[in-house]
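Remarks on the structure that follows.
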């Protein structure tokens, strides 16, 4: 079979893929290809089939129908090892690290036989390897001790160790701040120049459009088209992704009152990776926490919710919060929406209904028996409002897509009547564009009822649109507060960048003083 | 790294301390006769525990090992009778190893293919093997070839069994392999995180199946030494399943998989046998031994956790200090 065609060969070509999970058709006759030296973006809402497509291409999942060709050779059966041998590298969204092993050991395990040094040279080899990727990660550190952003970069580095012809990136920037995204893109573009083809899955359109050559849109498992990235606008893609035009909208903020009653007071709270932090949040206020990843935002929220040890004090509605365990804050009406939804917030094998109502069963029972009818009535409206995509409320949460799992975990605090403060960690992470507004609106509605919300987000646009006030954290402390009339995406980004340079300067002075 | 030495140090210290205590009570403890019988008595548990450590490394249990050892003893009373000689001794021995391989594959299929929890799957196997032993020999009957057992228990200078030396060397080499080689690292990785290992293209299925086969084969080898001890086809011996798990854990294995030490396991198995051995010198009834074993396992586990607890406490102190420093 002669092939006089394209100068740049396809490094990945999938044809006619179909895949069903039970009653849900995740993919329907989808074909895409990726050429050497191009970045092919794959975009779509949660549950549109992106992850399924990557799973099949990388040999983790078996397709019901269709073929996968890697570097011109057909993948004979579904096997990650076989896909690797043919030249496919993949950086998983939830990583492939063995967390209890060191960074060097993880790299070593990921390296193919011919790229692997003798066992005794592992440390120096790992240092050189990371240096070649311009990554500054301690090779002896336990992988579990790395911040998420570094785990992500390590994941990409591991995928590149196999010298792949095609590299699949599954939502690689979810855990990254703007600066880390920049670093990742530099690394990826270097690979592209060397002729690697990249399939880049992301829900952050501006980011992916900044580097992609072509874009393919999936919706409900169906191919919606493949376009030159230069010839298509973000708005057009969004229309294809959600099937209707959508403007980034935020719920209306009501007149701020600086005199509203203070509901949450934090005084000198500090823990392992943050503090001391002083803060007040008023009734009806949504306070944003901005900052580069790993600057103590998450540990601060977790400590406030009693999920991490801390010293100092906090009070809610005038009563001192007992933060020694999550039970104290919960009793006082302080609810944490953990960002680690699968690990902390959800019971994967329980149904959507059970997960949503587990904290409020007392209210839904009669004579000690939980009434399913009451449960269903209680969650019905919320399931609809957040557009949870599922076959039934009795479906185990683990069978939903990542974004839909997220929405289920969000239902819980909205069901409780006694909530005074919601601490939300990345409430819209991995949630599709269409449902974001629903989450914003639900949060704002709660605020209008008089509760306070503290929202940690890595998306400055989201903070600017949603919040009444934003504080910026750097090195574990609040370094800047942006009042409502100054709020804007640019202002927040500048504050984050500014705070970082100031932080470095302080460190330099310390060293000077010590010397 | 430091943490992995703790079990070895603790077990060595306990072995010496108990030995010294016993020696102070009775000079008979360090006699050649007693040392020889102690070392030989420790062989079945040491071998089966090292096999158990392999199962624990991939994150599983094997409670069927004791029943397999007993079954091998019963089988030996048929295939290695006093009249067996020549080539028949080889095939008779291979029959025992073959049963080990078959049992290991059976367990591995239940665990890896059918996806039963290993503790449940091997409990079923245990019951089947126990029944099979009783079916073959309803009471202790059938002498076992002494040429074979004497060869297995040959000693140097009258008290040190060659087999014991072999086991010590094998345990040391196995630890070297586990912590100083790529395949050892891969085995631990599979035990620590099977999904990530699979994503990295490692043959996780093969590793887990092999681990259970190794575990069962070790149990059938342990069966030879049990046979040497009892000399007769007894269907009601060998209750060392829990002891073998205890030895592996005392030796540094984690029940969650991915951690363990063959040398530590060897020491711990020896220590557990030593407890049984010294009790007669004190005229203590054996229930004290049971209590002591239980208490020691818990104590050891707490001690193994200690460095982690201390490290966690220290790091939190340090970082709080670090945060405070700029303010002062």
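The values are calculated or read from the model by the stated rules, or taken from the named source; none is laboratory data. None of these values were measured; they are calculated from a predicted model. Here the Cβ positions follow ideal geometry from the backbone for every residue, glycine too, while neighbour counts run over all protein chains shown.
Structure summary
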| item | result |
| --- | --- |
| Residue list for segment B:278-298, filter: within 18 Å of residue B:248 (Cβ to Cβ) and either touching a strand residue (DSSP E or B) at 6+ places or on another chain (Cβ under 9 Å) or surrounded by 15 or more Cβ atoms within 10 Å (Cβ to Cβ) (or both) | B:293, B:296, B:297 |
| Flag if residue A:312 is out of contact with any helix residue (DSSP H, G or I) (no Cβ under 6 Å at 6 or more places or on another chain), more than 26 Å from residue A:463 (Cα to Cα), within 14 Å of another protein chain (Cβ to nearest Cβ) and touching a residue at least 40 places away in the same chain (Cβ under 8 Å) | yes |
| Checklist (1) touching a helix residue (DSSP H, G or I) at 6+ places or on another chain (Cβ under 9 Å); (2) within 14 Å of chain A (Cβ to nearest Cβ) applied to residue B:156, failing item | (2) |
| Residue list for segment A:304-331, filter: closer than 11 Å to residue A:271 by Cβ and either out of contact with any strand residue (DSSP E or B) (no Cβ under 9 Å at 6 or more places or on another chain) or not in a loop (DSSP other than H, G, I, E, B) (or both) | A:304, A:310, A:311, A:312 |
| Helices (runs of 4 or more DSSP H) (entirely within segment A:357-469) containing at least 2 residues that are touching a strand residue (DSSP E or B) at 6+ places or on another chain (Cβ under 7 Å) | A:402-415, A:433-448, A:460-466 |
| Some residue of segment A:145-168 being within 26 Å of residue A:56 (Cα to Cα), away from chain B (no Cβ under 14 Å), in a strand (DSSP E or B) and within 26 Å of the chain's Cα centre (by Cα) | yes |
| From the options A:30, A:60, A:14, A:68, residue that is assigned to a loop (DSSP other than H, G, I, E, B) and either touching a helix residue (DSSP H, G or I) at 6+ places or on another chain (Cβ under 9 Å) or over 13 Å from residue B:199 (Cα atoms) (or both) | A:60 |
| Segment B:190-201, residues that are under 21 Å from the mean Cα position of the chain (by Cα) and either within 17 Å of residue A:104 (Cβ to Cβ) or within 7 Å of another protein chain (Cβ to nearest Cβ) (or both) | B:192 |
| Residues of segment A:98-116 classified as in a loop (DSSP other than H, G, I, E, B), buried (at least 16 other Cβ atoms within 10 Å of the Cβ) and under 24 Å from the mean Cα position of the chain (by Cα), total | 3 |
| Of all residues making up segment A:68-92, the number that are more than 7 Å from every other protein chain (Cβ to nearest Cβ) and over 25 Å from residue A:128 (Cβ atoms) | 15 |
| Scan of segment A:124-160 for residues that are touching a residue at least 60 places away in the same chain (Cβ under 8 Å) and under 16 Å from residue B:200 (Cα atoms), ordered by number | A:152, A:155, A:156, A:158, A:159, A:160 |
| Residue match in segment B:162-170 (condition: under 21 Å from residue B:115 (Cα atoms) and either modelled with pLDDT of 95 or more or within 12 Å of another protein chain (Cβ to nearest Cβ) (or both)) | no |
| Of all residues in segment A:264-302 being out of contact with any strand residue (DSSP E or B) (no Cβ under 9 Å at 6 or more places or on another chain) and within 14 Å of another protein chain (Cβ to nearest Cβ), the one that is surrounded by the most Cβ atoms within 10 Å (Cβ to Cβ) | A:273 |
| Yes/no for residue A:95 being within 12 Å of chain B (Cβ to nearest Cβ) and either part of a loop (DSSP other than H, G, I, E, B) or touching a strand residue (DSSP E or B) at 6+ places or on another chain (Cβ under 7 Å) (or both) | yes |
| Single match in A:314, A:307 (criterion: buried (at least 16 other Cβ atoms within 10 Å of the Cβ), over 30 Å from residue A:390 (Cβ atoms) and assigned by TED's automatic domain parsing to the domain that holds residue A:496) | A:314 |
| Among (1) touching a strand residue (DSSP E or B) at 6+ places or on another chain (Cβ under 8 Å); (2) closer than 30 Å to residue A:292 by Cβ; (3) buried (at least 17 other Cβ atoms within 10 Å of the Cβ); (4) within 11 Å of chain B (Cβ to nearest Cβ) - the single one residue A:44 does not satisfy | (4) |
| Residue satisfying condition, being surrounded by fewer than 16 Cβ atoms within 10 Å (Cβ to Cβ), within 16 Å of residue B:216 (Cβ to Cβ) and either without any contact (Cβ under 8 Å) to a residue 40 or more places away in the chain or under 19 Å from the mean Cα position of the chain (by Cα) (or both), within set B:57, B:110, B:30, B:94 | B:94 |
| Test: residue A:123 is over 24 Å from residue A:179 (Cα atoms) and more than 10 Å from every other protein chain (Cβ to nearest Cβ) | yes |
| Helices (runs of 4 or more DSSP H) (entirely within segment B:102-210) containing at least 2 residues that are under 30 Å from residue A:158 (Cα atoms) | B:162-180, B:182-192, B:194-199 |
| Subset of segment A:209-267 (residues that are at pLDDT 85 or above, more than 30 Å from residue A:25 (Cβ to Cβ) and assigned to a loop (DSSP other than H, G, I, E, B)) | A:261 |
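Here's the yes/no breakdown for (1) under 27 Å from residue A:271 (Cα atoms); (2) assigned by TED's automatic domain parsing to the domain that holds residue A:289; (3) crowded, with 24+ Cβ neighbours inside 10 Å:
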| position | (1), (2), (3) |
| --- | --- |
| A:442 | no, yes, no |
| A:445 | no, yes, no |
| A:454 | yes, yes, yes |
| A:459 | yes, yes, no |
| A:467 | yes, yes, yes |
| A:472 | yes, yes, yes |
